[in-house]
Amino acid sequence: VGLEHLQQTLEQRVQERTAEAVRAQDDAVRVLRSLPSGVLVVDRDLKITEMNVAAEQVLGVPRQDMLHRALEEFSTLQPFQKIVLQSMHTGHSFTNLEMDLNVAGSRRTIGYGIGPMLGEGGGTVLIYFQDITAKKRLESYLRQSDRLVSLGMMAAGATHEINSSTSGSPSAWNVGRRGG
């Protein structure tokens, strides 16, 4: 009787732990799918083992066409290879990187980071990225606006200087104009 009770208790604990693990895995998948940044998981063979919806949207390639295929098979992803390999070999993360990609015929600026996945036995790398094209355009527009404001201020300053120097001796200005 005691052995049966112990076996039932163990079976119940195994079922509870299994249910917890399944819930945790479901939560992790929902988190990955909900992230606004694109995420790719790349194994030691440089094959994509996981990706989220945002990655599909930014890269313009459906998930089913990318999974279990090598980075080098996608021209848009080839620029990631060098840093992925560096991250695999050194165990270091690389953040705040940018590159221009040609996605579906349009040039996009991608901000990204690459680093080893924690808790892995080694070799699995996480690539996370966002399309920052609009942000870069706005920054460029603001820089151009700042330059125009500076030029306007310089022109206003020069005009003021000219007016100040001529207003002090209007007769000299007028004489010079009559004499010409």
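Tabulated data
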{"quantity": "³J(HN,Hα) computed for each position of the stretch 100-112 - Karplus, 6.51 cos²θ - 1.76 cosθ + 1.60, integer Hz, glycine/proline x", "calculated": "9, 10, 9, 10, 6, x, 10, 7, 10, 9, 10, x, 8"}
{"quantity": "Amide H within-cut-off set for ILE132, under 5 Å, with H built and near neighbours excluded", "calculated": "THR109, ILE110, GLY111"}
{"quantity": "Local electrostatic count at ASN52 - Lys and Arg +1, Asp and Glu -1, tallied over other residues with Cβ under 13 Å", "calculated": "+1"}
{"quantity": "Spatially proximal aspartates and glutamates relative to LYS136 (Cα-Cα < 16 Å; intrachain offsets below 8 disregarded)", "calculated": "GLU98, ASP100, ASP146"}
{"quantity": "Amide H within-cut-off set for VAL103, under 5 Å, with H built and near neighbours excluded", "calculated": "ARG108"}
{"quantity": "The stretch 10-55: trypsin sites (Lys or Arg not before Pro) falling in loop per DSSP and having at most 14 other Cβ within 10 Å", "calculated": "ARG44"}
{"quantity": "Residues with amide H under 5 Å from that of GLU50, placed H, sequence gap 5 or more", "calculated": "VAL41"}
{"quantity": "Mean separation of Cα contacts under 8 Å (6+ apart) over length of the chain, as relative contact order %", "calculated": "15 percent"}
{"quantity": "Relative contact order, percent, the stretch 27-73 [alpha-carbon distance under 8 Å, six or more residues apart]", "calculated": "33 percent"}
{"quantity": "Axial C-alpha extent at least 30 Å, average Kyte-Doolittle at least -1.0 - helices from the chain (DSSP)", "calculated": "2-34, 133-167"}
{"quantity": "Once the Cα gyration tensor of the stretch 1-125 is diagonalised, semi-axes √(5λ) in Å", "calculated": "38, 17, 12"}
{"quantity": "Helical mean residue ellipticity (222 nm; -39500 (n - 2.57) per DSSP H run of 4+; nearest 500) of the chain", "calculated": "-18500 deg cm²/dmol"}
{"quantity": "LEU10/ARG30 FRET efficiency (R0 25 Å; Cβ-Cβ; nearest 0.05)", "calculated": "0.25"}
{"quantity": "Listed residues SER87, SER165, SER140 arranged by accessible area, highest first, probe 1.4 Å", "calculated": "SER165, SER140, SER87"}
{"quantity": "Surface accessible to a 1.4 Å probe, per residue, for the residues of the chain, Å²", "calculated": "70 Å²"}
{"quantity": "The stretch 70-153, relative contact order in percent, only Cα pairs under 8 angstrom and at least six apart counted", "calculated": "21 percent"}
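The values are calculated or read from the model by the stated rules, or taken from the named source; none is laboratory data. Note that the structure is predicted; figures quoted are calculated from it, not measured. Positions of Cβ are backbone-derived with ideal geometry, glycine not excepted, and every protein chain shown enters the neighbour counts. Please note that ligands, DNA and RNA were not included when accessible areas were found on the heavy atoms of the full protein model with its side chains. Shrake-Rupley method; radii C 1.70, N 1.55, O 1.52, S 1.80 Å.
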